[in-house]
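Just below is one structure, and these are the notes that go with it.
The numbers here are math on the coordinates, done by the rules we state, and not lab data. Remember, predicted model here, so these are calculated numbers, not experimental data. So basically every Cβ, Gly included, is an ideal-geometry build from the backbone, and we count neighbours across all protein chains shown.
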Amino acid sequence: MDKKRLIGPFKQLVPMTGLSLKGAIADDALAIIPDGGVLVSEGKIEAIGTFETLRTNYSEAETHPLQGNHTCIPGCIDSHTHICFGGTRANDYALRNSGKTYLEIAKSGGGIWDTVTQTRKASKAELVKNTAKLAKRHLKNGVTTIEVKSGYGLSVDEELKMLHAIKETNELVGPDLIPTCLAAHMLPKDYPGTAEEYLEEISTVLFPLLKEQQLTNRIDAFIEESAFSALQIMPYFQKARAMGFDITVHADQFSTKGSKVAVDFKAISADHLEASTELEIQRLAKSDVIAMALPGATIGLGCAFAPARKLLDAGGALAIASDHNPGSAPMGDLLTQASILGVFEKLSNAEVMAGITFRAAAALGLYDRGRLEKGYLADLSIFHTDNYQEILYNQGNLKPCMVWKKGELVYD
Ligand code: NIG
Ligand code: FE
């Protein structure tokens, strides 16, 4: 049997327990444990409490003693990324900053299609290499679970190549990679038929292969002027639902059709929401759909932030993710972006931390991580500070000094 291990002491242990999935959270609801410790066994948390009590109660445990000031939070969860891709879009970035819009660039042949072309040229091995490099960067920022979308293949074979690359990368890197099929990212420019025919082909040919090859349990679609309409996506989601896939939506990024589809189809999350108005905010907040803000896309495109404060005040569940992708969100630094969203949207530390831990986990259908409590994965992000507030206050510049994944030290 695997040996028990006691990690600590931490000046502050922030377990994120006892907090609800929905609604606003005040900082004083964080049940911080001073001089805390985490007892780990077989990759999971066996107990949390004060370090000294755990040392007395579990004297057989091997201790991993820390010197100096440390604060421990759950390993962070980036619940929306596109880190599997080929090439770069530095030119799009320059064009946007010279005045062209994201949609104008997309229409003139740049945008997502540019990355599709470059991703199709890349071999699966090259995609694995690129994705692993970015996943390791996220790990250094304290991220222990990363959702990764396909969506730059846009044919049955090329989507399969991407999803196999994501699966292989998952075996190589510290963080867990959670794959999502985003074959409905846009109508591929080389597709000989209509959008309806493309979606029909993907759902009848690719969906069964995703199940057979155990590539993903999640289907995403981009509902937008430059991609697919709500009407086109409805039969696609009906098929996905009937086959038991979880549904997630790129919704309300520039216009407001997507979040209603997310609510109607009981999607697990509706992501982006920069264009959501009071109507969409109320509708989302009343539903069980997790609303996901993507401040990386706001920073990358120079547009509005999702109305995170209003969503929380209306009683919604708010996750925060980086949207790390070569086009709209090239930075890929979850802590920096989440702390900046907090500043602009006036979110408490607790709300921001919930958005990148247990609320992000729920957006992926995962209830075994994102909190530090008995039975949860021993995924820990540890910072050199005696005060948890310093983490967001430093706006991403206070990096973790140590990261544990399933009870193993994966970064220090
Ligand atoms: O989430 N909005 C659509 N998809 C991505 C952008 C992908 C890209 O531009 O390559 C997003 O922002
Ligand atoms: Fe995205």
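What the table shows:
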| read-out | value |
| --- | --- |
| Sites residue 282 and residue 52, calculated FRET efficiency, Cβ-Cβ separation with R0 41 Å, nearest 0.05 | 0.25 |
| Electrostatic dipole magnitude of the chain [Cβ: Lys, Arg +1; Asp, Glu -1; Cα centre; debye, to 20] | 280 debye |
| Percent of C-alpha pairs per 10 Å bin, the range 47-188, short to long | 11, 31, 26, 15, 10, 7, 1 |
| Peptide ranges 228-237, 252-261 listed from the most packed, as the mean C-beta count within 10 angstrom indicates | 252-261, 228-237 |
| Net charge, residue 380 excluded, C-beta distance under 13 Å - Lys, Arg +1, Asp, Glu -1 | +2 |
| The chain - convex hull of alpha carbons, volume per residue in Å³ | 127 Å³ |
| Dipole of the chain, positive direction: furthest Cα of 93, 364, 214, with charges on the beta-carbon | 93 |
| The chain - share of DSSP beta bridges that are antiparallel (%, nearest 5) | 40 percent |
| Charge dipole (the range 178-245, unit charges on Cβ, about Cα centre) - positive-most of 179, 237, 202 | 179 |
| Using θ = phi - 60° and Karplus 6.51 cos²θ - 1.76 cosθ + 1.60, couplings along the range 245-259 (whole Hz; Gly, Pro as x) | 6, 6, 10, 9, 9, 7, 10, 6, 6, 10, 9, 10, 9, x, 5 |
| Neighbourhood charge, 15 Å Cβ-Cβ cut-off, centred on residue 4 and excluding it, Lys, Arg +1 and Asp, Glu -1 | 0 |
| Of 22/346; 107/133; 374/405, those spanning more than 23 Å from alpha-carbon to alpha-carbon | 107/133 |
| 222 nm mean residue ellipticity, helices alone, for the chain (DSSP H n ≥ 4; -39,500 (n - 2.57); rounded to 500) | -10000 deg cm²/dmol |
| Inter-part distance where the range 288-324 and the range 65-105 are each reduced to a Cα centre, Å | 14 Å |
| Interchain or long-range residues, amide H under 5 Å from residue 178's placed H | 146, 147, 148 |
| Between helix 334-345 and the chain: long-axis angle, C-alpha atoms, 0 to 90°, nearest 10 | 80 degrees |
| Built amide H within the under 5 Å cut-off of residue 411, gap 5+ | 403 |
| Cα long-axis angle, helix 112-121 against the chain (0 to 90 degrees, to the nearest 10) | 80 degrees |
| Cα long-axis angle, helix 156-172 against the chain (0 to 90 degrees, to the nearest 10) | 10 degrees |
| Neighbourhood charge, 13 Å Cβ-Cβ cut-off, centred on residue 15 and excluding it, Lys, Arg +1 and Asp, Glu -1 | +1 |
| Karplus-derived 3J(HN,Hα), 6.51/-1.76/1.60, for each residue of the range 43-59, Hz, glycine and proline x | x, 10, 7, 9, 7, 10, x, 6, 4, 5, 5, 5, 5, 5, 6, 10, 5 |
